[in-house]
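Let me begin by presenting the structure, written as structure tokens, before commenting on it.
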Amino acid sequence: CAEAAMYQVKQQGRNNFRFFAPEMQANSSRSLALSHALKLALARNELSLVYQPQFSFERQRMHAAEVLLRWQSPEWGPISPVEFIAMAEHSGLIISIGEWVMREAAKQLALWQKQGMHNLVLAINLSGVQFNQPDLVTNLARIVREEGVEPACIELELTEAVALQNPEAAGLVMHALQQAGFHLSIDDFGTGYSSMSYLKRFAVDKLKIDQSFVRELESSADDKAIVTAIIQMAQSLEMKSLAEGVETQAQADLLRELGCHEIQGYLYSRPLLAQDFASFYWAQMISKSGF
Ligand code: C2E
Ligand code: MG
Ligand code: MG
Ligand code: MG
């Protein structure tokens, strides 16, 4: 319901508040107050990053981590990124937040590399609003250069909707990002307006299979068919596939059987604070356990 209200605000703009049902009105004032609090959050140090390990079947270990943003508001407590990212997109704040995420992640990666974590890739979510900024490529390239990491150690996650909004323009930006050295993946794959034909024109390295198809993978023949199709399509387009939201061993086993390259989910690890991530990294370097 909160999401529906936010969606309407996004779609129709502020003048349409009067059409909202009373409970939606309450949600709108919450969202206005939150939106205001979010404006101060960066300066007040309320934003932080967590890192969720990704497991490669081929390498039998962690090869990468997804960077996920967290907001702990003193007034409101922890707020889900699903809620505050949408607000930040609506207000335009996502531009400065997105740059902050990139800089913090690059800084952290540079430090980890100095400590001996080589070949680690960090996957960073890009909002459609960021993606449509004309200076996106120069900005991202500058940030990683200033922090001293190679763009090849960064994978940028885009959603299908972003890519398909304007496929021509998106294709050019993706090509420019790839030329600058970044890797690209399509996040939440299968939930958008999946058009298979556009994929081959994009400079994409990986499809991230949305967790909604993974949840009932073992019991739903439909979900299994969809996941199988995505993995095979990725393979024939010479892309990798990663399944999100893997929570059980049975799901992991089935995904490996189906030829999925990588998995990410609570089974392997929850998103971790930087220091816990470092411990996880070194522990799995010593042990040989895989899936
Ligand atoms: P996403 O990029 O698809 O990220 C995956 C989400 O699934 C994360 O939620 C993660 O914590 C959650 N997850 C991971 N493994 C499991 C699992 O096994 N089971 C379940 N049920 N969930 C799992 P989170 O951190 O709440 O982030 C939600 C969304 O917010 C992200 O979805 C992404 O779209 C957005 N987001 C997060 N951080 C950023 C950011 O820095 N920038 C932008 N633009 N968006 C972000
Ligand atoms: Mg993501
Ligand atoms: Mg996702
Ligand atoms: Mg998502």
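In the stretch 248-258, what count of residues is obtained for those that are among the charged types (D, E, K, R) and surrounded by 13 or more Cβ atoms within 10 Å (Cβ to Cβ)?
Of the residues in the stretch 248-258, 1 are among the charged types (D, E, K, R) and surrounded by 13 or more Cβ atoms within 10 Å (Cβ to Cβ).
Pull up the stretch 152-166, narrow it to residues that are open to solvent by 40 Å² or more (accessible area, probe 1.4 Å) and away from ligand 3 (no atom under 16 Å from the Cβ), then point me to the one that is farthest from F131 (Cα to Cα).
Step by step, filter the stretch 152-166, then rank; the result is A152.
Scanning for something touching a Phe, Trp or Tyr at 6+ places or on another chain (Cβ under 8 Å) and either within 16 Å of ligand 4 (Cβ to nearest atom) or modelled with pLDDT under 95 (or both), does the stretch 140-151 turn up at least one residue?
The answer is no; no qualifying residue exists.
Considering only residues of the stretch 191-209 that are open to solvent by less than 50 Å² (accessible area, probe 1.4 Å), within 16 Å of ligand 4 (Cβ to nearest atom) and out of contact with any Phe, Trp or Tyr (no Cβ under 6 Å at 6 or more places or on another chain), which is farthest from G265 (Cα to Cα)?
S194
Go through the stretch 79-103 and give me each residue that's under 26 Å from R142 (Cβ atoms), buried (at least 17 other Cβ atoms within 10 Å of the Cβ), of a type in the set (G, A, S) and touching a residue at least 40 places away in the same chain (Cβ under 8 Å).
A88
When the stretch 164-188 is examined, which residues are found to be within 30 Å of V246 (Cα to Cα), of a type in the set (S, T, N, Q) and over 16 Å from the mean Cα position of the chain (by Cα)?
Those that are within 30 Å of V246 (Cα to Cα), of a type in the set (S, T, N, Q) and over 16 Å from the mean Cα position of the chain (by Cα): Q165, Q178.
Give the residues of the stretch 104-135 that are open to solvent by 20 Å² or more (accessible area, probe 1.4 Å) and either within 24 Å of S56 (Cα to Cα) or among the β-branched types (V, I, T) (or both), sorted by residue number.
Within the stretch 104-135, Q108, L111, Q113, K114, Q115, G116, H118, N119, V121, N125, V129 meet the criteria.
Looking only at residues that are in contact with a helix residue (DSSP H, G or I) (Cβ under 8 Å, 6 or more places away or on another chain) and open to solvent by less than 80 Å² (accessible area, probe 1.4 Å) in the stretch 216-229, which one is nearest to ligand 1 (Cβ to nearest atom)?
L217
Check whether at least one residue in the stretch 156-164 is of a type in the set (S, T, Y), within 16 Å of ligand 4 (Cβ to nearest atom) and at pLDDT 95 or above, and report yes or no.
no
Are any residues in the stretch 57-76 within 16 Å of ligand 4 (Cβ to nearest atom) and surrounded by fewer than 20 Cβ atoms within 10 Å (Cβ to Cβ), and if so, which ones?
L68, R70
Among the hydrophobic types (A, V, I, L, M, F, W, C), surrounded by fewer than 17 Cβ atoms within 10 Å (Cβ to Cβ) and part of a helix (DSSP H, G or I), is that true of A33?
When the stated conditions are applied, A33 passes them.
Name the residue, out of I209, I231, I226, that is within 18 Å of the chain's Cα centre (by Cα) and either over 30 Å from G116 (Cβ atoms) or β-branched (V, I, T) (or both).
The match here is I209.
Which of the residues spanning the stretch 186-203 are in contact with a helix residue (DSSP H, G or I) (Cβ under 7 Å, 6 or more places away or on another chain) and in a loop (DSSP other than H, G, I, E, B)?
Within the stretch 186-203, G190, T191, G192, Y193, S194, S195, R201, F202, A203 meet the criteria.
Look at I124 and say whether it is in contact with an Asp or Glu (Cβ under 7 Å, 6 or more places away or on another chain), at pLDDT 90 or above, more than 16 Å from ligand 3 (Cβ to nearest atom) and under 24 Å from Y281 (Cβ atoms).
no
Within the stretch 224-244, which residues are closer than 19 Å to G290 by Cβ and either of a type outside the set (V, I, T) or out of contact with any Gly (no Cβ under 9 Å at 6 or more places or on another chain) (or both)?
K240, S241, L242, A243, E244
In the stretch 259-267, is there at least one residue being surrounded by 19 or more Cβ atoms within 10 Å (Cβ to Cβ), under 21 Å from L69 (Cβ atoms) and among the acidic types (D, E)?
no
How many of the residues in the stretch 230-247 are open to solvent by less than 60 Å² (accessible area, probe 1.4 Å) and within 16 Å of ligand 4 (Cβ to nearest atom)?
6
The values are calculated or read from the model by the stated rules, or taken from the named source; none is laboratory data. From a predicted model like this one, the values you see are computed outputs, not experimental measurements. Cβ coordinates were reconstructed from backbone atoms using ideal geometry, including for glycine residues, and neighbour counts include every protein chain displayed. Protein only, heavy atoms only, side chains kept; ligands, DNA and RNA dropped before computing areas. Shrake-Rupley method; radii C 1.70, N 1.55, O 1.52, S 1.80 Å.
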